[in-house]
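Worksheet: the structure to be examined is printed underneath.
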Amino acid sequence: MFLEQQLFTQVIQSTPLVAIDLLVENNAGEILLGQRLNRPAQGFWFVPGGRILKNEALASAFARLTQAELGVAIDFQQAQLQGAYDHFYADYVFGEGISTHYVALAYRVRVAVELSQLPQQQHAAYRWLKVCDLLADPTVHQHTKAYFG
């Protein structure tokens with residue numbers, strides 16, 4: 001269920017959002033990052049992912065998000081839970097003045113995807129980085145680094 005802007009703003013202002021972040025690894029051991037188009041974390045390199053919707057089972061959310069973010073629905077059973085993480089931001093999807101709190105469930109999955117075939121709705125560009133390189137890159141968001149540090 002997607003909410004209209006005013007109601008979604010109230011939700012963001014009042015409660016944490018629950019999301020799935022995808023730690024996508026290729027056969028070379030590199031991690032997929034996208035340059036975010038939207039707030040929060042706009043402009044930073046971040047792992048793909050998205051929020052879980054009301055009344056959406058975890059496995060269904062995982063399939064929906066992998067289809068939307070990677071262009072292919074991945075079976076939830078292929079993923080490995082890495083943990084739950086708090087993400088706090090000073091802004092929110094519609095601007096400034098309201099903070100955002102996500103509880104992100106990080107799932108690791110190995111997938112061979114071509115960067116040129118990835119959807120462009122949430123990210124301006126994509127790249128593969130080795131973990132040591134993403135940890136050293138100041139344009140990679142701190143919340144992404146926390147998954148690997």
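For this structure, a couple of remarks:
- This model, with +1 at the C-beta of Lys and Arg and -1 at the C-beta of Asp and Glu, gives segment 5-146 a dipole about its Cα centre of some 100 debye.
- Between Y85 and L135, residue separation times 0.36 nm minus the direct Cα-Cα distance comes to 16.3 nm.
- Carbon/sulfur fraction of accessible area - the chain, other protein chains in place, 1.4 Å, %: 50 percent
- The packing ranking of peptides 5-12, 140-147, 86-93, 114-121, highest mean first, is 140-147, 86-93, 5-12, 114-121, where packing means the average number of other beta carbon atoms within 10 angstrom of each residue.
- Principal-axis tilt of helix 58-70 within the chain, Cα atoms, nearest 10 degrees: 70 degrees
- Volume of the convex hull of the chain (Cα atoms only), normalised per residue: 106 Å³.
- Distance between segment 1-67 and segment 82-136 - C-alpha centres, whole angstrom: 7 Å
- Residues in the chain average 52 Å² of solvent-accessible surface per residue, probe 1.4 Å, ligands and nucleic acids excluded.
- Extension gain, A146 to A112: 0.36 nm times the residue separation minus the Cα-Cα distance gives 9.9 nm.
The values are calculated or read from the model by the stated rules, or taken from the named source; none is laboratory data. As the structure is a prediction and not an experimental result, all values here were calculated from the model. Positions of Cβ are backbone-derived with ideal geometry, glycine not excepted, and every protein chain shown enters the neighbour counts. To get the accessible areas, we keep the full protein, side chains included, count just its heavy atoms, and leave off ligands, DNA and RNA. Shrake-Rupley method; radii C 1.70, N 1.55, O 1.52, S 1.80 Å.
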